[in-house]
1. Please go through the residue pairs Lys66/Lys140; Lys21/Lys147; Lys7/Lys31; Lys66/Lys143; Lys57/Lys134 and name each one whose alpha carbons sit more than 18 Å apart in this structure.
2. Based on the alpha-carbon gyration tensor of the stretch 3-145, what equivalent-ellipsoid semi-axes (square roots of 5 times the eigenvalues) come out, in whole Å, largest first?
3. For a quick check, take a GNM of the chain with Cα springs below 10 Å and name the residue from Gly86, Gly60, Gly101 with the largest mean-square fluctuation.
4. Do the sum for the chain: with -39,500 (n - 2.57) for every DSSP H run of n ≥ 4, divided by all residues, what is the mean residue ellipticity at 222 nm, to the nearest 500 deg cm²/dmol?
5. Most exposed first by the Cβ proxy, i.e. fewest other Cβ within 10 Å, how do Ser88, Ser24 rank?
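Derivation of every value follows stated rules applied to the coordinates shown; laboratory data play no part. Predicted model only: the values in this text are computed from it and were never measured. Cβ sites come from the backbone with ideal geometry, for glycine too, and all protein chains shown count toward neighbours.
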Amino acid sequence: MKHIHLKGSWVIRAPKEEIYKIISDFENMPKYFPSVAESIHITEKKGNHQKMSAKVKSFGRVFDVKMQTELFPNIGFKSNNESSLGTSGSEEFLMDDVKEGTRITYTYALKIHRPLLRVIGTPLIKWFSMWSWKRAFIDKLRKIVEK
């Protein structure tokens, strides 16, 4: 199996405009989410489209990721990512207003290109990734924006 589809949905008690200020500030991601990103640099910017070079953290490793991201003001972003680990994928972070605050829907369609990594990584990624991402990103985001 080459494709892994990850999806999660959470409600945060804050307006999406406040959340958007944090999640669209990519170069400060390492400050906000140090267990997710070591560094992110915007290498090209045209309107709501940006290309970025990042050093991200996952499964106890740091690896390079090239990102091509489209921002949707106060709604979220979509990004196509290519990693030095041998993966690529399409990531979406989208927000909707709900009575309790903002519903975040996060999806990641991941492709694992290396056969050995696919065999070893697929079960681990399916089971662990969203749980880990929720703790490292969503829970931290809650602490930043919920009052």
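1. Pairs exceeding 18 Å: Lys66/Lys140; Lys7/Lys31; Lys66/Lys143.
2. Each semi-axis is the square root of five times an eigenvalue, giving 24, 18, 14 Å.
3. Answer for the Gaussian network model of the chain: Gly60.
4. Mean residue ellipticity at 222 nm (helix-derived): -7500 deg cm²/dmol.
5. So the ranking, lowest neighbour count to highest, is Ser88, Ser24.
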